[in-house]
1. Can you find a residue that is over 15 Å from A101 (Cα atoms), in contact (Cβ under 8 Å) with a residue 24 or more places away in the chain and either out of contact with any strand residue (DSSP E or B) (no Cβ under 8 Å at 6 or more places or on another chain) or among the charged types (D, E, K, R) (or both) anywhere in segment 132-147?
2. Against the definition (more than 15 Å from the chain's Cα centre (by Cα), closer than 30 Å to P23 by Cα and modelled with pLDDT of 95 or more), how does Y148 come out, yes or no?
3. Taking segment 117-145 as the region of interest, how many residues are within 15 Å of the chain's Cα centre (by Cα) and in a loop (DSSP other than H, G, I, E, B)?
Amino acid sequence: MSASPLGTLSRSGSHAIAEHAVPPYVHDAALLLLRLVLGLTMAGHGAQKLFGWFSGVGLDGAGRVFTSAGYPAGKAMAVMAGLSEVLGGVGLALGLLTPLAGAAVVGVMVNAVAVKRGGGFFAPTGVEYELLIAALAVVLAVVGPGRYALDRHLPSVRAHRAGNGVAAVVLGVVLGVIVLMFRG
């Protein structure tokens, strides 16, 4: 046994285990908090686009924003982005199909970063907010939703695999880039 910043290490099989590591329920509660904050924030952004809720511009206004950013069929793009945000956000909040929900958010953020990239890094015109959202969505897709999630009740995704999360994130990036290619 040896000392570490985490506490005393003990040997169990071939892996060192910290006796003072974060208990699983704390880890899962932290993932739940992250999922709820990120998921509900994204769902709210989507609701602003689709329904004009939360002081949003609604579908017509969001369509004009997408058109002015160089996307063809701005209203259709606003529907696609709004649905990705609402469904991805709700999926993250509930821990439902978490890798795909994270991928939906990542795909939207690929486009948001591309549109705002000329404004530097920091707010109000930079991409810091979008990069944080994308990074958090990637973390949730790869690490998984934790025990306090609906995924735990779906046999096909109950045993979360990091590889599935990585594949979903790659899918989100690829689809986001494909959408971005339509931008003028």
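The values are calculated or read from the model by the stated rules, or taken from the named source; none is laboratory data. Values in this document were obtained by computation on a predicted structure and should not be read as measured data. Every residue, glycine among them, receives a Cβ derived from its backbone with ideal geometry; neighbour counts consider all protein chains shown.
1. Kept after step one, since they are over 15 Å from A101 (Cα atoms), are these residues of segment 132-147: 132, 147.
Adding the requirement that they be in contact (Cβ under 8 Å) with a residue 24 or more places away in the chain leaves 147.
Filter once more, so that each one left must be either out of contact with any strand residue (DSSP E or B) (no Cβ under 8 Å at 6 or more places or on another chain) or among the charged types (D, E, K, R) (or both): 147.
Within segment 132-147 (the criterion being over 15 Å from A101 (Cα atoms), in contact (Cβ under 8 Å) with a residue 24 or more places away in the chain and either out of contact with any strand residue (DSSP E or B) (no Cβ under 8 Å at 6 or more places or on another chain) or among the charged types (D, E, K, R) (or both)), the answer is yes, since at least one residue qualifies.
2. Numbers: more than 15 Å from the chain's Cα centre (by Cα): yes; closer than 30 Å to P23 by Cα: yes; modelled with pLDDT of 95 or more: yes.
The answer is yes for Y148.
3. Of the residues in segment 117-145, 2 are within 15 Å of the chain's Cα centre (by Cα) and in a loop (DSSP other than H, G, I, E, B).
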